[in-house]
Amino acid sequence: WRQRYTDLSWKLLVPATLILLFAVGGLLQLLYGLQFGGVKQVKDIVLVVDNSGSMLETDPDNERYAAAKQLINNMDSDNRVAVVAFSNTAELIQPFVSLDTQDEKNSVNAVIDSLKPTDGGTDFSLALTEAMKTIEGKENAKRGTLVILLSDGFSESNIDQQLAAYQEQQIAVNTVGLSVVDARGSALLQQIAESTGGSYYDVSEASGLALVFQNIYDKIDNRTLLTERTDTMADNTFYTLLRILSLGIIGAAVGISLGLLFDNRFLAVSFGSGGLAGGLLAGFILDNGLSGQAFTDGFWRFIAVLVLAAIIG
């Protein structure tokens, strides 16, 4: 057996089976990354920035503006951005504009530079209303939209009606709390994010805003089989089943590859069946374990690999 198969396997079958696995994994990842169920691919972003008097204390150096400008500079050329500033009023200071060139990005950044903190309070209702008005009035409604809302305070305004509108249109609002002292403020920002399919970020220092903004942007439509789903897709049943099925197919491909390596169709069937079962279980583990935390996600990926290997073995 060693003379007949080992030499041939390592020269031909090992590279062939590795190519097979990469092809299967790549095609399934491509499928998993597509938008299904009428979900629009996010290309437009609305920045909603708190400009109330309290920001003079929580962000005296206006680092929130610097973070917003850095994010705009890092956006792809097919993105569009709009900017809303709010306190106890809300104002659209930059309607949706394309970011095809650096000159266009510089133009938006100049508008942000013109912002000055006011002595007003904080009204989330007006901020969300103005952002939604901007979204509903934009050209090309087929482009998906994401909202990033930054604030350091609590709003007494009722926002139930506004949240219902965002939920109806499947628009995620990612909220960022900067040095929020009032626990009610953090809770409200978290409620806004969770009810719309967004994420809440608690930032203690204004210097950390640039990293948070970039993190939100990097997660847009970045859906992989081995990472947490975010935004409106977080609890989507279709993508849960698609992930589990994809891992099952990958597991079956691993088993079949082993059968090919040993040039034995009976082993291929046995290993393939075990790989399918192990892959399905591994997919279930991943979908329920992944949370966006680097250490815990690594742990659950490791467990999924062990389960798959053990069942095939």
Which whole-Hz couplings ³J(HN,Hα) result when phi for each residue of the range 118-125 is put into the Karplus expression 6.51 cos²θ - 1.76 cosθ + 1.60, θ = phi - 60°, listed in order with x for Gly and Pro? 9, 9, x, x, 10, 10, 5, 4
Under the helix-only model (-39500 (n - 2.57) for each DSSP H run of 4 or more, divided by the residues of the chain), the mean residue ellipticity at 222 nm, to 500 deg cm²/dmol, is -17000 deg cm²/dmol
What full-extension length gain, to one decimal in nm, is calculated for Ser270 and Ala294 as 0.36 nm per residue of separation minus the Cα-Cα distance? 5.2 nm
Please report, to two decimal places, log10 I(q)/I(0) for the chain at q = 0.07, 0.10, 0.14 Å⁻¹ as given by the Debye formula with identical point scatterers on the Cα atoms and no solvent. -0.37, -0.65, -1.01
Quick one: 3J(HN,Hα) in Hz for the range 61-70, Karplus 6.51/-1.76/1.60 with θ = phi - 60°, rounded, Gly and Pro as x. 9, 6, 6, 5, 5, 4, 5, 4, 5, 5
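Across the range 156-313, how large is the tail of the calculated P(r) beyond 28 Å, expressed as a percent of all Cα pairs?
Counting every Cα pair in the range 156-313, those more than 28 Å apart make up 39 percent.
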Does the range 57-108 classify as rounded, prolate or oblate by the C-alpha gyration tensor (a ≥ b ≥ c root eigenvalues; a/c under 1.5 gives rounded; else a/b over b/c gives prolate, otherwise oblate)? oblate
Relative contact order of the chain (C-alpha contacts under 8 Å, at least 6 apart) in percent is 17 percent
The set of residues whose placed amide H lies less than 5 Å from the amide H of Asp152, leaving out same-chain residues fewer than 5 positions away, is Leu178
With a 1.4 Å probe and all protein chains left in place, how much of the accessible area of the range 178-313 comes from carbon and sulfur atoms, in whole percent? 65 percent
State to the nearest 20 debye the size of the charge dipole of the chain about its Cα centre, where the only charges are +1 on K and R beta carbons and -1 on D and E beta carbons. 1960 debye
Computed ³J(HN,Hα) along the range 54-60: with the Karplus parameters 6.51/-1.76/1.60, θ = phi - 60°, integer Hz and x for glycine or proline, the list is 5, 5, 4, 8, 6, 9, x
At the level of C-alpha centres, the distance separating the range 256-281 and the range 163-232, in angstrom, is 42 Å
Mean separation of Cα pairs under 8 Å and 6+ residues apart, divided by the residue count of the range 42-165: what relative contact order is that in percent? 37 percent
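Under the classification rounded if a/c is under 1.5, otherwise prolate if a/b is larger than b/c and oblate if not, where does the range 85-156 fall, given a ≥ b ≥ c as square roots of the Cα gyration tensor eigenvalues?
Values: a/c = 2.56, a/b = 1.35, b/c = 1.90.
Verdict is oblate for the range 85-156.
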Starting from the exponent 0.38 and prefactor 2.2 Å, build the expected Rg for the range 234-313 from its residue count and divide its actual Cα Rg by it. 1.16
Keeping to pairs on different chains or 8 or more places apart, tell me how many lysine pairs in the chain have Cα atoms under 13 Å apart. 5
Could you give the length gained by full extension between Leu30 and Asp218, i.e. 0.36 nm per residue of separation minus their alpha carbon distance, to one decimal place? 65.9 nm
The answer for Ser87, listing residues at least 5 apart or on another chain whose modeled amide H is closer than 5 Å to its amide H, is Asn51, Asp123
Radius of gyration, Dmax [the range 85-216; alpha carbons; angstrom]: 14.8, 41
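The values are calculated or read from the model by the stated rules, or taken from the named source; none is laboratory data. Everything numeric in this text was worked out from a predicted model, so none of it was measured. For neighbour counting, all protein chains shown are included, and Cβ atoms are generated from backbone atoms with ideal geometry for every residue, glycine included. The protein model used for the area step is the full one, side chains on, heavy atoms only, and it has no ligands, DNA or RNA in it. Shrake-Rupley method; radii C 1.70, N 1.55, O 1.52, S 1.80 Å.
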